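Chemist: Have a look at the structure that comes next, please.
The values are calculated or read from the model by the stated rules, or taken from the named source; none is laboratory data. Worth saying up front: this structure is predicted, and the values here are computed from it rather than measured. All Cβ positions, glycine included, derive from the backbone under ideal geometry; neighbour counts span all protein chains shown.
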Amino acid sequence: MSVAQDGQPGGGAEQQGPRHCYRHPERETGISCTRCERPICPDCMVPASVGFQCPECVRSGSGTGHPPGATRPRTVAGGRVTADPRLVTKVLVGINVAVFIAVLAVGNRLLDPLLLFGQAVTQPYGPLEGVAEGQWWRLLTSMFLHQEIWHIAMNMLGLWFLGPPLEAALGRIRFLALYLLSGVAGGAVTYLLAAPQQASLGASGAIFGLFGATAVLMRRLRYDMRPILILLAINLIFTFTWKNIAWEAHVGGLVAGLVLAYAMVHAPRRQRALVQYGAVALVLAVIVVLLVVRTLQLG
């Protein structure tokens with residue numbers, strides 16, 4: 001093959017001496033892209049049906065038989081590898097902190113419409129309010145509410161510690177789905193089992209979902225599970241011994257996190273999407289059933 005001085009296909013006499021990767025000119029190589037015939041080094045080689053192709057040909061979808069991006073690196077759960085594996089975690093921490101500051105500034109005018117409770121009268125001679133009265137948003141909004149500085153500090157510390165490794169392993173969309181569904185599942189179990197007038201708030205259900213997911217991931221990767229199991233055991237002890245803790249939210253979030261994470265990291269590659277979407281649908285269906293059952297009880 002004749003190569004011009006700039007590494008592009010060209011005419012004329014064949015260039016003497018070693019060839020260099022067109023993307024990394026300092027690297028010698030003996031491999032060429034089977035599509036455009038430009039020299040590529042091992043870091044630029046993407047396996048194709050025949051030989052190797054360069055990243056540009058793969059991105060354009062030319063000659064691979066696969067859509068563009070099909071050969072991009074994927075996480076253990078099939079998510080895209082991103083440059084910042086903390087982005088969703090940072091956004092979630094930012095939302096929690098922003099809502100905490102807003103509640104401190106505004107007070108009960110903001111807090112009361114966002115709290116989670118089943119059914120109660122919040123003002124003298126006022127109407128019945130709560131999830132049983134159709135205020136379903138409380139299951140989601142209560143996840144971002146904190147009143148005490150120690151409460152938000154503990155939850156955000158857990159989110160910052162557990163979030164980035166899970167976000168990197170699952171991908172952003174799967175991680176966000178895990179977090180939100182774990183939190184809503186915790187709220188649904190609280191709604192089902194707690195007294196209807198008992199108010200609940202905090203991200204603890206979602207954090208316990210991350211605990212369960214971390215345990216599943218570490219087992220999948222064959223890491224030493226003792227640290228996360230010890231930490232989880234300590235948190236469960238606090239859950240059932242401290243006063244004013246909604247243990248229902250912790251248990252519900254933990255179970256949801258275990259189920260979702262297991263489906264995400266153990267799904268067979270060829271049926272990955274089916275298994276993962278199926279697990280999400282299953283958790284959502286269970287949440288809906290719990291909500292309907294409790295609403296009928298309180299109706």
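Chemist: Among the residues of region 171-188, write down those that are closer than 25 Å to Ile245 by Cβ, under 11 Å from the mean Cα position of the chain (by Cα) and among the small types (Gly, Ala, Ser). Steps first, answer last, please.
Modeler: Restricting attention to region 171-188, the residues satisfying the condition of being closer than 25 Å to Ile245 by Cβ are 178-188.
Keeping just the survivors that are under 11 Å from the mean Cα position of the chain (by Cα) gives 178-182.
Once the filter is applied, which keeps residues that are closer than 25 Å to Ile245 by Cβ, under 11 Å from the mean Cα position of the chain (by Cα) and among the small types (Gly, Ala, Ser), region 171-188 yields only Ser182.
Chemist: From (1) in a helix (DSSP H, G or I); (2) in contact with a Ser or Thr (Cβ under 9 Å, 6 or more places away or on another chain); (3) more than 20 Å from Asn96 (Cα to Cα), pick out the condition that doesn't hold for Asn155.
Modeler: (3)
Chemist: Let me ask something else about it. Which residue pairs have Cβ atoms closer than 6 Å, lie 6 or more positions apart in sequence or on different chains, and pair a first residue in region 238-249 that is under 12 Å from His151 (Cβ atoms) with a second residue that is surrounded by 15 or more Cβ atoms within 10 Å (Cβ to Cβ)?
Modeler: Ile245/Thr239; Ala246/Thr190; Ala246/Ser200
Chemist: Quick one: what pairs do we get from region 18-35, first residue without any contact (Cβ under 8 Å) to a residue 24 or more places away in the chain, second part of a loop (DSSP other than H, G, I, E, B) and among the basic types (Lys, Arg), C-beta under 8 Å, 6+ apart or different chains?
Modeler: His20/Arg27; Cys21/Arg27
Chemist: Could you check Arg220 against (1) under 23 Å from Arg80 (Cβ atoms); (2) surrounded by 13 or more Cβ atoms within 10 Å (Cβ to Cβ); (3) at pLDDT 95 or above; (4) of a type outside the set (S, T, N, Q) and say which number it fails?
Modeler: So the condition that Arg220 fails would be (3).
Chemist: Now, a different point. Out of Thr82, Thr64, I need the residue that is modelled with pLDDT of 75 or more and in a loop (DSSP other than H, G, I, E, B). Which one?
Modeler: Among Thr82, Thr64, only Thr82 is modelled with pLDDT of 75 or more and in a loop (DSSP other than H, G, I, E, B).
Chemist: Test each condition in (1) exposed (fewer than 13 other Cβ atoms within 10 Å of the Cβ); (2) in contact with a strand residue (DSSP E or B) (Cβ under 7 Å, 6 or more places away or on another chain); (3) among the hydrophobic types (A, V, I, L, M, F, W, C) for Ala120 and report the one that comes out false.
Modeler: All conditions are met except number (1).
Chemist: In addition: Would you point out which residue out of Ser204, Ser142 is touching a His at 6+ places or on another chain (Cβ under 9 Å), assigned by TED's automatic domain parsing to the domain that holds Tyr223 and among the polar types (S, T, N, Q)?
Modeler: Answer to the check: Ser204.
Chemist: Given Leu176, Leu181, Leu170, which one is in the same structural domain as Leu210 (by TED's automatic domain parsing), aliphatic (A, V, I, L, M) and surrounded by fewer than 22 Cβ atoms within 10 Å (Cβ to Cβ)? Write out each step before concluding.
Modeler: Numbers: Leu181 fails: surrounded by fewer than 22 Cβ atoms within 10 Å (Cβ to Cβ); Leu170 fails: surrounded by fewer than 22 Cβ atoms within 10 Å (Cβ to Cβ).
Exactly one of Leu176, Leu181, Leu170 is in the same structural domain as Leu210 (by TED's automatic domain parsing), aliphatic (A, V, I, L, M) and surrounded by fewer than 22 Cβ atoms within 10 Å (Cβ to Cβ), namely Leu176.
Chemist: Separate question: Before we move on, is Ala188 in a helix (DSSP H, G or I) and either surrounded by fewer than 24 Cβ atoms within 10 Å (Cβ to Cβ) or among the β-branched types (Val, Ile, Thr) (or both)?
Modeler: no
Chemist: If you check Gly107, Gly163, Gly118, which single one turns out to be assigned by TED's automatic domain parsing to the domain that holds Leu291 and closer than 18 Å to Phe211 by Cα?
Modeler: Going through Gly107, Gly163, Gly118 in turn, the sole match is Gly163.
Chemist: Here is a follow-up. Does region 25-57 hold any residues that are modelled with pLDDT of 80 or more, of a type in the set (A, V, I, L, M) and closer than 23 Å to Arg74 by Cβ, and which are they?
Modeler: Within region 25-57, Ile40, Val46 qualify.
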